[in-house]
Amino acid sequence: MEKLRPQLFSTLKGYTAAQFGRDAVAGVIVAIIALPLSIALALASGVGPEIGLYTAIAAGFIISLLGGSRVQIAGPTAAFATIVAGIVAKSGMTGLIVATLMAGLILIIMGLLRFGSLIKYIPATITTGFTSGIAITIAIGQLKDFFGLTVQGAPVETMEKLSGAAAAFGTVNLWALLVGAVSLAILILWPKVSKRIPGSLIAVLVSIGMVQLFKLPVNTIGSLYTLSSALPTVSLPAFDFVLIRDMLPDALTIALLAGIESLLSCVVSDGMIGARHNPNMELIAQGAGNIASALFGGIPATGAIARTAANVKNGGRTPVSGMVHAVVLLLILVALMPYAALIPMPAIAAILLMVAYNMSEWRRFAKLVKTAPKSDIAVLVITFLLTVIFDLVIAIEVGMLMSMLLLMKRMAQVADVRSWTIDEAAMSEDEHLRPVPEGTLVYELEGSLFFAAADKLLAITTEAHTRALVLRMRGVSAMDATAMQSMQKLLDTCKAQGVTMILSHVMPQPMEVMHKAGFDEALGEENLCPNIDAALERARLLAS
């Protein structure tokens, strides 16, 4: 079992000044990338712009310090934006902080219980569906600022935002649209000019220049929000059992999403650097990071795939780069935060539209629609639509339920009970077949025998002259209590008809179930045979 040890401790062995230099450069570059993103994602989450930086600083530092990945960069991500906005609208910052604290504890417990490997059991159709759905919700949320619309009220739900934007489309601010379009064009084209200097920084600087130089009537962060460059302080809100109970579903959603996104980011970064992360240690670090973020007044955080990739591409190879990134953001918060008031809202909207496009996974979505079975496509599309129309919680719940039902259906279809009885005189050349004694029926059982397939056992019938019923179980790897009940009913029927039931090659798990149920005693040890030859010999003795 892999030890729960932060990667920092391993990477510091033989750590050199040259590597520190590369990590420091990568950390500074990632901080520059994270600055506008953290502010934009905080605004998309319905909280103040500085809170995004609090999150990136506190969670980013702790997750790099304790993490199970060498190069993971953590902070606020687009996946949480709509979730956080909904929680803030419903329960305020107090509810959000409580939910984030609880999510952190849940993540730590998941790591301690070695649940890191369980994330892989969430189907790709669900992760792709809700990721694409989140991207659409983020994009819809930016229509107001990108077009400079005057929307009535403060809609929170995605469909309300869409209908509000449509109703207010006659109030388009052409100057805002111009600033947004220029910013978006820079974001798209700048990577062709330079990959080291982030396009988001250039878009912010150019948009500030346009608005300030030409005195354009465009909303800025400073015109809508009160900014603070004060250092975050640790505080714990007043809460009670009722609030904890009410926020538990949101906490579970945050923990699940944080675990999925951070471990997916770890897998991507492993492929880039040829390393292997510790998923359980990463979950513990994510939990500690979210607790730290909540205590400093931040929002939920997780591993950010884009920032992690930028870290790797710029030379970061140890958790030191992630810690440097957090320290640089802290210095920016203290020294440069007042200048963030100048950032135009259409530029923020353009940055988030680009984030939405990059996380939409539309190519993977389209490929799944073309290549996946119809049942999987149904899970994908329904998860996507529920995420957009309702919320992520409902989408994941329904998606997982559908996936489990489909899995049970497929397992039931694979389970098979078939007869291969042959005449003793007709010897087969197939080595898998054996001559069957007179008065003996042989059935081959295959697949997992569980409640959805248990009825197939009851389809086994005997004939008037049958003396022995042999069930060959070498292909049965698992059995549940419902199948065991069906097996007991079959045994009772055989006894009532004077037929001896014989089992061949019972695998360990089904044997354990039989033993706990007392079935082996009812059957008789002599009728539990190690292989088909022994079972047929037992049937032959009964026939003589």
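At a Cα cut-off below 17 Å, give the lysines reachable from residue 456, other chains included and same-chain residues fewer than 8 away excluded.
Once the sequence-local lysines are set aside, what remains near residue 456 is 409, 489.
Quick check on the stretch 235-387: take the gyration tensor over C-alpha atoms, sort the square-rooted eigenvalues as a ≥ b ≥ c, and tell me if it's rounded (a/c under 1.5), prolate or oblate.
rounded
Calculate the length of the line joining the C-alpha centroid of the stretch 140-188 to that of the stretch 7-30, in whole Å.
42 Å
Going toward the positive end of the dipole of the chain, with +1 on Lys and Arg Cβ and -1 on Asp and Glu Cβ, which of 129, 341, 263 do you reach last?
341
Taking the Cα centre as origin and putting +1 on Lys and Arg beta-carbons and -1 on Asp and Glu beta-carbons, what dipole magnitude results for the stretch 1-111, to the nearest 20 debye?
That gives a dipole near 280 debye.
Which entries of 90/367; 144/374; 195/370; 90/161 show an alpha-carbon separation above 27 angstrom in the structure shown?
Flagged as over cut-off: 90/367; 144/374; 195/370.
Grab the DSSP H runs of the chain that are 4 residues or longer, score each as -39,500 (n - 2.57), total them, divide by all residues and round the 222 nm result to the nearest 500 deg cm²/dmol.
Result for the chain, helices only: -20000 deg cm²/dmol.
Specify which labelled value, from [x] 202; [y] 143; [z] 178, agrees with volume of the Cα convex hull per residue in Å³ derived from the coordinates of the model shown.
After the calculation, the listed value that fits is [x].
Between the stretch 198-238 and the stretch 244-273, how far is it from one alpha carbon centroid to the other, in angstrom?
Between the Cα centre of the stretch 198-238 and that of the stretch 244-273, the gap is 28 Å.
Which helices, taking whole DSSP H runs in the chain, have alpha carbons extending 15 angstrom or more along the helix axis plus mean Kyte-Doolittle at least 1.0?
Span-like helices, by this rule, are 17-44, 49-66, 81-112, 124-141, 174-189, 199-214, 241-273, 320-336, 345-359, 374-389, 392-414.
With +1 on each Lys and Arg Cβ and -1 on each Asp and Glu Cβ, and nothing else charged, work out how big the dipole of the stretch 54-184 is about its Cα centre, in Debye to the nearest 20.
In debye, rounded to 20, the stretch 54-184 gives about 360.
Suppose every Lys and Arg Cβ carries +1 and every Asp and Glu Cβ carries -1, with no other charges. What dipole size does the chain come out with about its Cα centre, to the nearest 20 debye?
Computed charge dipole of the chain: roughly 2260 debye.
Among DSSP beta bridges lying fully in the chain, give the percent that are antiparallel, nearest 5.
35 percent
In the stretch 466-513, with Lys and Arg counted as +1 and Asp and Glu as -1 at Cβ, which of these residues, 482, 513, 494, has the Cα nearest the positive end of the dipole, that is, farthest along it?
About the Cα centre, the residue reaching furthest to the positive side is 494.
So if I take the centroid of the Cα atoms in the stretch 521-538 and the same for the stretch 294-341, what is the distance between those two points in Å?
For the stretch 521-538 versus the stretch 294-341, the Cα centre distance is 66 Å.
May I ask for the net charge around residue 73, where only other residues with Cβ less than 13 Å from the Cβ of residue 73 are counted and Lys, Arg are +1 while Asp, Glu are -1?
+1
No value in this document is a laboratory result; all are computed from the given coordinates. Note that the structure is predicted; figures quoted are calculated from it, not measured. Glycine also receives a Cβ, built like all others from the backbone with ideal geometry; neighbour counts cover every protein chain displayed.
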